[in-house]
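The values are calculated or read from the model by the stated rules, or taken from the named source; none is laboratory data. Predicted, not measured: the structure shown is a model, and the values here were computed from it. All Cβ positions, even for glycine, are placed from backbone atoms using ideal geometry, and neighbour counts span all protein chains on display.
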Amino acid sequence: MNPCIAVVEDEKDIAELIALHLQKAGFQVQSYLEARPFLASLKRRTPDLVILDLMLPDSDGLEVCRYLKSAPGLSAIPVIILTARTDEADKVLGLEMGADDYVAKPFSPRELTARVRAVMRRAERRSESKALRFESGLALDLDRHEAEVRGRKVELTSTEFRLLAFLAQRPGRVFTRRQILDELWKGEKIVIDRTVDVHIRNLREKLGNAAGVIKNIRGVGYKIEG
Ligand code: CA
């Protein structure tokens with residue numbers, strides 16, 4: 001599926017012009033004339049990139065940007081700020097709020113499309129680097145939920161992957177069974193400590209040569225190292 005770009009811009013002509021060019025460049029476009037319907041749409045679907053006008057009728061774009069960049073699950077969505085304001089301070093503020101780029105009006109749609117492509121490439125590289133690698137040959141791709149050992153893919157259940165990722169993101173730190181349970185099975189009372197041991201045993205079996213990366217700290221819990 002083509003990447004989806006949300007355009008939040010209250011000037012209809014500009015919004016249409018942007019949409020036209022982005023569609024021609026192969027993107028899907030969702031346009032919003034105000035901030036509120038855009039924010040509501042995030043509950044249904046998150047776009048791959050947001051083009052955000054700073055002067056909106058119902059909100060300040062900077063506030064929207066600040067919200068996006070501080071919200072769990074949304075903060076990785078790249079944001080390009082669009083504005084007629086020529087004030088340098090706005091640009092600085094926008095970038096401080098976490099915006100990925102800034103385009104001043106009037107702009108050429110071709111220039112904007114080029115910026116969109118550049119920002120998306122940067123975001124992809126960022127997410128690619130979200131792979132965790134260990135000396136034992138274990139590698140985890142947190143975006144794709146995939147694990148491999150020396151290039152060989154390991155088939156894990158979703159629980160096994162989450163358990164492995166939880167430990168792997170904090171290498172060297174020991175977690176008790178209780179901490180692991182709380183993280184993976186929040187509030188489910190029927191889960192017992194032994195559940196963790198069972199999953200760890202299965203994980204080790206599947207990891208084969210790299211099984212030693214999961215260390216059992218007797219009487220305490222587990223950690224990942226090496
Ligand atoms: Ca505006």
Next on the checklist: Residues that are touching a residue at least 60 places away in the same chain (Cβ under 8 Å) and either more than 16 Å from the ligand (Cβ to nearest atom) or surrounded by fewer than 16 Cβ atoms within 10 Å (Cβ to Cβ) (or both), at least 1 per element: which helices (runs of 4 or more DSSP H) completely within segment 8-124 meet that?
Outcome noted: 12-24
Next on the checklist: Out of Leu49, Leu42, Leu22, Leu56, I need the residue that is assigned by TED's automatic domain parsing to the domain that holds Val103 and touching a Leu at 6+ places or on another chain (Cβ under 7 Å). Which one?
Outcome noted: Leu42
Checklist outcome for this item: All-but-one check, Ala89 against (1) at pLDDT 90 or above; (2) small (Gly, Ala, Ser); (3) more than 22 Å from the chain's Cα centre (by Cα), failing number (1)
Checklist outcome for this item: Across (1) surrounded by fewer than 16 Cβ atoms within 10 Å (Cβ to Cβ); (2) closer than 16 Å to Tyr222 by Cα, Arg152 clears everything bar (2)
